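What follows is one structure encoded as structure tokens, with my remarks underneath.
Taken together, the values in this text are just the output of simple stated rules run on the coordinates, not laboratory data. Note that this is a predicted model, so its numbers are computed, not measured. Here Cβ is always computed from backbone atoms with ideal geometry, including for glycine, and neighbour counts include all displayed protein chains.
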Amino acid sequence: MSKDRRDFLKLSALGMGAVGGTVLTSCLNETSTDTCVEDKKRAKGKPVVLSTWNHGIPANEAAWNLLKAGKGSLDAIEAGARVVESDPKVRTVGKGGYPDREGKVTLDACIMAPDSGCGSVAFLQEIENPISVARKVMEETPHVMMVGEGALQFALEQGFEKTNLLTEEAKKDWQDWLRTSEYKPKINIENHDTIGLLAIDAEGNLSGGCTTSGAAWKLHGRVGDSPIIGAGLFLDNEVGAACATGLGEAVVRVAGSAMVVEMMRMGMSPSEACKQVVQRIYDKHRDVKDLQVGFIALDKAGNYGGYSLHPGFNYAICNDSGGNRMEDAKSILTKK
Ligand code: SD4
């Protein structure tokens, strides 16, 4: 890395520290201030981690181990996401993820911290753990989002190594797909889609992450909702956190995760807030036969929930009261 670039990154990161380090303590009005203080008390000392789909179980386990050891929610989120990114059997995240129609695996990820600091990478190739690159973007640069070649260059400068993300199994499926080359996103792909994770630590602080290889067989260069702060992931440490899975184009149209958090701010429970946003997506799309979206949300008090458009979406929840287990989300549509 050139000296100029190194100095720029260092100085800018210092500048960000000053802004990002500000602890958000205010609530909207006097009444909600009381509520926030109350909720903080209840959440303190009671970590929770919540993740999308079945691969949420191993992700939660890694995150939980750190939370129980007293680590912050941001470290827990990164650790949980990395487990799934590095699992070559998962076809929708990281190494082993399905490629685009040109046979290239391109990854999208973002992370968000309790102080509303955030980092994101999109259209990143040949790097196994984009969640960690996203964290570096947040911590080492003045930026929020880096894409493509620039993001890869940054990752290499930060010490990440190039790796082949296209496994033989994923390549074979891609070659089978090439025979028809029909682009039709499948809903609930093999029941293990994008991983979105939300956590609250023993201090009552929220963090979140989202990481994916995106829609299988997408156009080369396509980016979904997952790395977009406000769409695939959003949190406000005074209120709660939310993340999305499913067809990213539909989630982006309604600023999905930000909307879920705002609905919680207005007083809705996590699952009611998720339901409202799924309903909004439903109302805006004429044909929802092949459209799946799902949200999970966690509020400041440690309450959680999820909702999807079609049945089939589930999430992994881990807390002191019930251990690490799967729960089915409710859906707006029912099985025919
Ligand atoms: C995307 N939301 O790229 C991601 C992928 C996903 O179910 O979650 N698919 O649109």
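Here are the numbers for the structure shown:
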quantity: Cβ crowding within 10 Å averaged over residues, with 169-179, 206-216 ranked highest first; calculated: 206-216, 169-179
quantity: GLU182-HIS220 FRET efficiency (beta carbon distance; Förster radius 22 Å; 0.05 resolution); calculated: 0.85
quantity: Tensor-based shape of segment 205-292 (alpha-carbon gyration tensor, a/c under 1.5 rounded, otherwise prolate or oblate); calculated: oblate
quantity: Positive-end residue of TYR282, PHE295, GLY240, charge dipole of segment 188-336 with Cβ unit charges; calculated: TYR282
quantity: Nitroxide proxy distance, nm - points 7 Å out along Cα→Cβ at LYS162 and HIS143; calculated: 2.0
quantity: Cβ-Cβ FRET estimate between SER86 and GLU203, R0 fixed at 22 Å, reported to 0.05; calculated: 0.20
quantity: Rg/Rh (Cα only; Kirkwood hydrodynamic radius) as it applies to segment 72-157; calculated: 0.97
quantity: Rg to Rh quotient for segment 114-199, alpha carbon positions, Kirkwood Rh; calculated: 1.05
quantity: Nearby lysines by direct alpha-carbon distance to LYS46 (threshold 23 angstrom, same-chain neighbours under 8 apart not counted); calculated: LYS68, LYS71, LYS300
quantity: Pairwise label distance in nanometres, LYS172 with LYS335, each label 7 Å out on the Cα-Cβ vector; calculated: 3.0
